[in-house]
Amino acid sequence: MLPSSNRVRDSASFLEEGLADLESDISKVYDAIARSAQVVSRQLPFLVGMTNTQNPFGERQAELDVFANQVFSKALLDTGRVGWVASEELDIPLDGYTQSNNSISVAMDPLDGSSNITTNNSLGSIFGIWRGRIPKSGREMVAAAFVTYGPELSLTLTISNRVDQYVEVREGEDSGKFALAYRAIKLPKNPEVFGFAGPRSEWISPVERFVRSLEDRRMHLRYCGTFIGDYNQIMRRGGIFSYPAHNARPAGKLRICYETAPVSYINELAGGSSSDGRSSILDISPLDFTTTSPFYVGNSDLVKELEKEISRG
């Protein structure tokens, strides 16, 4: 349960009602994401193999990577409201039916954590939503969402200036609908957990010092290797997640457009902060879709503390 938000007990509050007050094109995008997530979720037990193809970053694609990309891309373009779809699994963005400065653009990681498929860990999908052609800074985003495929199928999304979470109903007359579980989510004030990726021996010195301080405070390590799975720990328990600067990889690993900007946007509306070690991820204008940066996200006090540690060198 989210310590800083009460789980909604009124199961009659469904996604379609929550989207009613949004601009119609964004509402249609969210609906397409929700319906597609259900299609992807149903294939999780069956598409567990690897392909012989690679994504643009040289990573071997899982069957689910390819399937999720196809399902989400088609559904988004079929709304008739999306001008461009950029995906971690595509070399170049797909063009929609209508393109203008007001058209919706979506950048997505259609299947986050595919290395965890065979171990049956949680998986995710991440979506950043802008108007006009991308790439653009996260500060120019108009909406964002992520899907979690776990014990529940959940959709966490921004609505106006808040973050809500819906879960799929799996029994009864409302089966197949998304019911509101948490409204206006805020990060807990007292952080409990942290997760830092990569070999500890490769972390830059300020990161290693900061993590030792978290351990001294008896904060709990939580790291599963699926970004969304790890970020859910931060959202539910408070804390900080990072794919930090490494000695061998000073620009980090996670891609700004596909991964870190959308989650940073959500996290800021939930009362937290993000950083590349100096400033907010949302203020970075990526050169292209491959641009990465060190990434730190979570409770604002912890992010600011880490920035101060990094400034010391």
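For the chain, find the longest principal axis of its Cα atoms and tell me its angle to the long axis of helix 63-78, 0 to 90°, nearest 10. Taking the Cα atoms of the chain, the angle to 63-78 is about 60 degrees. Rolling a 1.4 Å probe over the heavy atoms of the protein chains gives the chain an accessible area of 44 Å² per residue. Listed by chain and number, the lysines placed with their C-alpha closer than 20 angstrom to that of K253 are K136; residues fewer than eight positions away on the same chain are left out. For the range 110-127, the residues whose backbone nitrogen is under 20 Å from a point 7 Å from the Cα of L221, taken along Cα to Cβ, are 116, 121-122.
Taking all protein chains as shown and a probe of 1.4 angstrom, M108 keeps an accessible surface of around 0 Å².
Put a plus charge on the Cβ of each Lys and Arg, a minus charge on the Cβ of each Asp and Glu, and nothing anywhere else: the dipole of the range 136-183 about its Cα centre is then about 360 debye.
Straight Cα distances below 19 angstrom link K304 to the lysines K186, K189, with same-chain residues fewer than 8 positions distant left out. Paramagnetic label reach from T53 (point 7 Å along Cα→Cβ; backbone nitrogen cut-off under 12 Å): within the range 84-105, residues 89-92. Computed from label points 7 Å out along Cα-Cβ, the spacing between T291 and R209 is 2.9 nm.
Once the Cα-Cα distance is subtracted from the 0.36 nm per residue extended length, the S201 to D78 segment shows a gain of 39.6 nm. Between Y97 and R42, the simple label model (points 7 Å from Cα in the Cβ direction) yields a spacing of 2.3 nm.
Projecting the Cα atoms of Y258, G49, V207 onto the charge dipole of the chain, computed from C-beta unit charges around the Cα centre, puts V207 farthest toward the positive end.
Across the chain, the mean sequence separation of Cα contacts (distance under 8 Å, 6 or more residues apart), normalised by length, yields a relative contact order of 17 percent.
Counting only protein heavy atoms and using a 1.4 Å probe, what share of the accessible area of the chain belongs to carbon plus sulfur, as a whole percent? So the carbon and sulfur contribution to the accessible surface is 46 percent. Dipole size of the chain about its Cα centre, with +1 on Lys/Arg Cβ and -1 on Asp/Glu Cβ: approximately 820 debye, rounded to the nearest 20.
The values are calculated or read from the model by the stated rules, or taken from the named source; none is laboratory data. In this text, all values refer to a predicted model and were calculated from it rather than measured experimentally. Cβ atoms come from the backbone with ideal geometry, glycine included; neighbour counts cover every protein chain shown. These accessible areas exclude ligands, DNA and RNA; they are computed on the full protein's heavy atoms, side chains included. Shrake-Rupley method; radii C 1.70, N 1.55, O 1.52, S 1.80 Å.
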